[in-house]
Every structure is written in structure tokens, then in C-alpha cells.
Amino acid sequence: MESIYRLFIPDLAPERWNLIVVKFEMECLEEIDHLHEVTVETAVKRIGGSSFRLKRSLSQKGKCAARAETTLVSFDYKEKKSLTLDGGMRKALEQHLSAE
């Protein structure tokens, strides 16, 4: 996930943050406990004009315990409007596209 955020904000500085979450959905499939490591896999599911959708899978003890999808929008906080994803950004996001 961090590698995708770094495409937009290389140093992850909060004052330069330019993404907003507009939708988040999560489906819990199994119990997750605090005693075992949780593996989180993240991929880009879809790329739009100014937004992109991430899918995440959380696994523990070899089982998929949860799935989530998050829609993020490239956003100009000063102007309070979405920003079109330019060709370079789209190409960088495509490197993370899911095979599904």
C-alpha cells in the first residue's frame, strides 16, 4: 500500500497529501487474532479519470480472513476539486494492476 501512496507523495509528507478516500468496503470472512501475523496484499483493481480502486486481502494462518476495497481520488485540497490522473501516474498505477 505504501508503494502506491508514494507514487503520489514520495516522502509521505502530510502537508502534501493529495488523495482522499471516497469509499471503503470490507468483508470479514474469518476471525483475526492478535497472536499471529496478518499478511496484507494490495493491488489496483481499476483506474478511472481521477480515481482508482484498490483491493486488499488480509490473510492469517493461511486463510483469507478479510477482503476490502477502497476508492481513492487524486485531490487538490486548496481548490477543493479532483485532479485528473496524468499519463505518467496512470502508467505507474498500471504497474500495480491486479490480474483479475
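What number, rounded to the nearest 500 deg cm²/dmol, is the helix-based mean residue ellipticity at 222 nm of the chain, given -39500 (n - 2.57) per DSSP H run of at least four residues and division by all its residues? Intermediate results must be reported in sequence, preceding the final value.
Details: 2 runs with 15 residues, N = 100.
Helix contribution divided over all residues of the chain: -4000 deg cm²/dmol.
Per residue, the average separation of C-alpha pairs within less than 8 Å and at least 6 apart gives the chain a relative contact order of 29 percent.
When each of Phe24, Phe75, Phe52 is scored by the number of other beta-carbon atoms lying within 10 Å, the sequence from fewest to most is Phe24, Phe75, Phe52. Using R0 = 30 Å, the C-beta based FRET efficiency linking Arg6 and Cys64 works out to 0.70.
Fewest Cβ neighbours within 10 Å first, please rank Leu19, Leu72 accordingly.
Values: Leu19 17, Leu72 20.
Ordered by Cβ neighbours within 10 Å, fewest first: Leu19, Leu72.
Applying 1/(1 + (r/R0)^6) with R0 = 30 Å to the Cβ-Cβ distance of Ile20 and Ala99 gives a FRET efficiency near 0.65. If you take the alpha carbon atoms of the chain and fit the smallest convex hull around them, that volume is 118 Å³ per residue.
Sorting Arg56, Arg6 from the fewest to the most surrounding beta carbons within 10 angstrom yields Arg6, Arg56.
Centroid-to-centroid, using Cα positions, the stretch 77-100 and the stretch 11-30 are 14 Å apart.
Rule-based calculations on the coordinates, nothing more; no lab input. Values in this document were obtained by computation on a predicted structure and should not be read as measured data. Please note: Cβ atoms are built from the backbone with ideal geometry, for glycine as well, and neighbour counts cover all protein chains shown.
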